[in-house]
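So the structure is just underneath, and the comments pick up after that.
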Amino acid sequence: MAGDELKLLGHWASEWACRVRLALQLKGLTYEYLEEDLDNKSELLLMSNPVHKKVPVLIHNGKPICESMIIVQYIDEVFPGASPSLLPSDPYERAAARFWTTYMDDKLVVTWIQTFFAKTIEEKAERMKQLLAVVDTLEGALEECSKGKPFFGGDSVGYLDVMLGGLLSWLHGTEALCGVDLFNATRTPLLSAWAERFGALDDAKAVLPDIGRVIEFAKMWRAQMAATEAATADTKN
Amino acid sequence: MAEEGKGEVKLLGLHVSPFAIRARIALRLKGVSYEYLEQDLFHKGDLLLSNPVNRKVPVLIHDGKPICESLVIVQYVDEVWAAGGDGEGTAILPADPYGRAIARFWAAYIDDKLFPALTGIMKATTEEARAEKAKETFAAVEQLEKAFAECSDGKSFFGGDSVGYVDLALGCLLPWFGAVREMFGLEIIDAAKTPLLAAWAERFGETAAAKEVLPEPDKAEYAKKLQAHWTAAAAAAAK
């Protein structure tokens with residue numbers, strides 16, 4: 001659209017920024033991408049998201065929009081002509097899409113992080129069990145939403161595909177990082193097939209970060225957190 | 001007046017649940033007739049199995065189909081019973097996408113930052129922990145004071161002239177603010193510190209929807225019920 005200026009503040013490893021990039025890519029929208037150094041945040045980021053100071057932030061004609069779920073819905077509403085339409089048109093299906101996204105963020109991501117940072121063997125085993133239970137539930141969600149079609153959105157990629165797709169590089173890294181094969185073809189055949197199918201899309205390939213890089217980044221993050229905790233523990237003694 | 005032909009509506013809720021209040025206010029704003037079913041969380045009825053994923057209230061059941069998560073329900077109600085010309089059923093989310101994004105942002109903030117801190121006050125087992133959560137709660141409220149100034153643009157509500165998405169996202173917590181005052185002597189919305197919100201809270205409480213839906217004005221009674229609920233919840237979790 002003429003006269004629309006879009007900027008995205010993001011980070012290459014951020015699954016949240018990835019969701020937004022997927023939406024922009026799928027819609028064929030042109031935007032300026034600004035990579036943030038999360039240890040040295042830009043003035044623009046601090047000004048645009050003063051409440052959370054986090055990426056992603058979409059800046060549309062100078063106005064900032066924050067939170068990946070909110071940004072993707074915004075993009076879908078502002079550029080309705082650009083296909084695909086991400087949210088379904090039926091209110092009940094929209095409610096289901098929003099429900100499952102909340103579930104992904106509150107359960108899948110949180111449990112994944114808990115598994116990743118688990119300190120003891122017992123804790124890790126417990127978290128892995130919870131994580132697999134969550135994935136089983138998502139398998140059911142995919143069955144419900146797709147109704148036998150290739151994507152959560154049906155014949156074409158929809159909102160839920162974008163919401164889960166943005167997490168894909170991290171999810172593929174789960175075996176290396178947490179010791180569990182998350183989208184196991186025997187356990188969760190639909191999700192396993194979906195992950196392959198989604199990852200093979202040109203739009204996804206253009207946007208999803210390299211899994212190897214994400215794994216290295218995650219390991220560094222975990223090491224940094226451990227070092228910070230150890231340092232804090234030391235200063236308390 | 002309920003719109004004809006929009007089907008049978010049931011709401012599964014809990015007297016003490018602010019999230020159920022959100023759904024009820026939304027339905028009231030739209031003039032939707034519904035059957036309200038108070039749930040017993042410790043003996044979950046068959047109907048609550050309409051939310052097999054989370055087993056939580058509220059659950060809206062529209063023509064037999066369940067919708068869960070309070071903000072998802074509110075958006076659903078807003079979309080299905082879209083604003084008509086009869087004055088009832090004003091839009092809960094604004095029409096313009098940017099306004100919607102801002103409203104969603106602040107509702108998410110209330111759920112992610114304010115609500116956990118507030119719950120933390122009630123669940124804290126030490127004075128130190130309680131003070132910490134109180135500090136977080138006040139910080140969130142201060143942020144919302146700024147949000148109100150921005151969103152209301154000089155008008156009465158976050159939603160402008162009428163109650164909107166953020167108004168009900170925050171307004172549903174007013175009974176819990178009252179309970180916290182009763183139980184711990186903490187004034188969450190302090191007119192000296194957050195005057196805009198204090199004035200807003202009064203206006204919100206005066207709206208027809210709030211009067212109908214918010215629990216009884218006897219704060220001490222409500223606080224007792226809430227306390228009993230938390231105790232029972234802790235006991236159930238401990239089993």
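This model, with +1 at the C-beta of Lys and Arg and -1 at the C-beta of Asp and Glu, gives the range A:109-161 a dipole about its Cα centre of some 160 debye. Nonpolar atom fraction for the range A:140-187, defined as the carbon and sulfur part of the 1.4 Å probe accessible area, stands at 46 percent. DSSP assigns beta bridges within chain A; of those with both partners inside it, close to 70 percent run antiparallel.
Here the dipole of the protein assembly as shown is about 840 debye; that uses its Cα centre as origin and unit charges on the Cβ of Lys and Arg (positive) and Asp and Glu (negative). A viscosity of 1.567 mPa s and a temperature of 4 °C, combined with the Kirkwood radius over Cα pairs in Stokes-Einstein, give a translational diffusion coefficient for the range A:1-123 of 82 µm²/s. Amide H contacts under 5 Å for B:Val59: B:Leu12, restricted to partners 5 or more places along the chain or on a different chain, H placed in the peptide plane at 1.01 Å from N.
The phi torsions of the range A:131-142, fed into the Karplus equation with coefficients 6.51, -1.76 and 1.60 and a -60° offset, translate into couplings of 4, 5, 5, 4, 5, 4, 5, 5, 4, x, 4, 5 Hz, rounded to whole numbers, with Gly and Pro shown as x. Each label point was placed 7 Å from the Cα along the Cα-to-Cβ direction; for A:Leu44 and B:Ser33 their separation is 5.6 nm. In the range A:70-87, the residues whose accessible area drops by at least 30 square angstrom when the other protein chains are added to the isolated chain are A:Ile70, A:Tyr74, A:Glu77; the probe is 1.4 Å and only protein heavy atoms count.
Nearest-5 percent of antiparallel DSSP beta bridges in the protein assembly as shown? Roughly 70 percent of the beta bridges in the protein assembly as shown run antiparallel, per DSSP. Split the accessible area of the range A:56-129 by element, probe 1.4 Å, and carbon with sulfur accounts for 57%. Contact with the other protein chains removes 30 Å² or more of accessible area, compared with the isolated chain and a 1.4 Å probe, from these residues of the range B:103-124: B:Arg104, B:Phe105. Scaled against 2.2 N^0.38 Å for its residue count N, the alpha carbon radius of gyration of chain B is 1.00. Dipole of the protein assembly as shown (Lys/Arg Cβ +1, Asp/Glu Cβ -1, origin at the Cα centre): which of A:Gly154, B:Tyr222, A:Tyr103 lies farthest to the positive side? Result: B:Tyr222.
Spin-label model, B:Ala235 to B:His43: label points 7 Å out along the Cα-to-beta-carbon direction sit 1.4 nm apart. A simple spin-label model places pseudo-atoms 7 Å from Cα toward Cβ; at A:Ala233 and B:Ala228 they are separated by 4.5 nm. Per residue, chain B exposes 45 Å² of accessible surface when a 1.4 Å probe is rolled over the protein heavy atoms with every protein chain present.
Just checking the listed ones, A:Phe117, A:Phe151, A:Phe99: in the Gaussian network model of chain A with Cα springs under 10 Å, the one fluctuating most is A:Phe99.
Chain B and chain A together bury an accessible surface of about 2100 square angstrom, both sides counted, with a 1.4 Å probe and no ligands or nucleic acids included. Projecting the Cα atoms of A:Leu138, A:Leu86, B:Gly31 onto the dipole axis of the protein assembly as shown, where Lys and Arg carry +1 and Asp and Glu carry -1 at the beta carbon, places A:Leu138 farthest toward the positive end.
Averaged over its residues, the range A:103-215 has an accessible area of 44 Å² per residue, based on protein heavy atoms and a 1.4 Å probe. Between the beta carbons of A:Ala200 and A:Asp106, assuming R0 = 30 Å, the FRET efficiency works out to 0.55 to the nearest 0.05. For chain B, carbon and sulfur atoms together expose 53% of the accessible surface, with a 1.4 angstrom probe and every protein chain in place. Rounded to whole numbers, the Karplus 3J(HN,Hα) couplings from phi for the range A:60-71 are 10, 6, x, 9, x, 10, 10, 6, 4, 4, 6, 4 Hz, using 6.51 cos²θ - 1.76 cosθ + 1.60 with θ = phi - 60°, and x at Gly and Pro. Between B:Leu196, B:Thr231, B:Ala209, the Cα set farthest toward the positive side of the dipole of the range B:180-239 (charges on each charged residue's Cβ, about the Cα centre) is that of B:Thr231. Mind listing, in residue-number order, the residues in the range A:91-139 that have at least 50 Å² less accessible area with every protein chain present than in their own chain alone (1.4 Å probe)? When all protein chains are present, A:Pro91, A:Tyr92, A:Arg98, A:Phe99 each give up 50 Å² or more of accessible surface.
For the protein assembly as shown, the gyration tensor built on C-alpha atoms gives a rounded shape. Its axis ratio a/c (a ≥ b ≥ c) stays under 1.5.
For chain A, what class follows from the C-alpha gyration tensor (a ≥ b ≥ c being the square roots of its eigenvalues): rounded when a/c is under 1.5, otherwise prolate if a/b is larger than b/c, else oblate? In terms of gyration-tensor shape, oblate.
Couplings 3J(HN,Hα) for the range B:192-199, derived from phi with the Karplus relation 6.51 cos²θ - 1.76 cosθ + 1.60 (θ = phi - 60°), are 6, 8, 10, x, 5, 5, 4, 5 Hz, where x marks Gly and Pro.
The values are calculated or read from the model by the stated rules, or taken from the named source; none is laboratory data. Computed from a predicted model, the values in this text were never measured in an experiment. Glycine also receives a Cβ, built like all others from the backbone with ideal geometry; neighbour counts cover every protein chain displayed. Accessible surface is based on the protein model in full, side chains and every heavy atom, while ligands, DNA and RNA are left aside. Shrake-Rupley method; radii C 1.70, N 1.55, O 1.52, S 1.80 Å.
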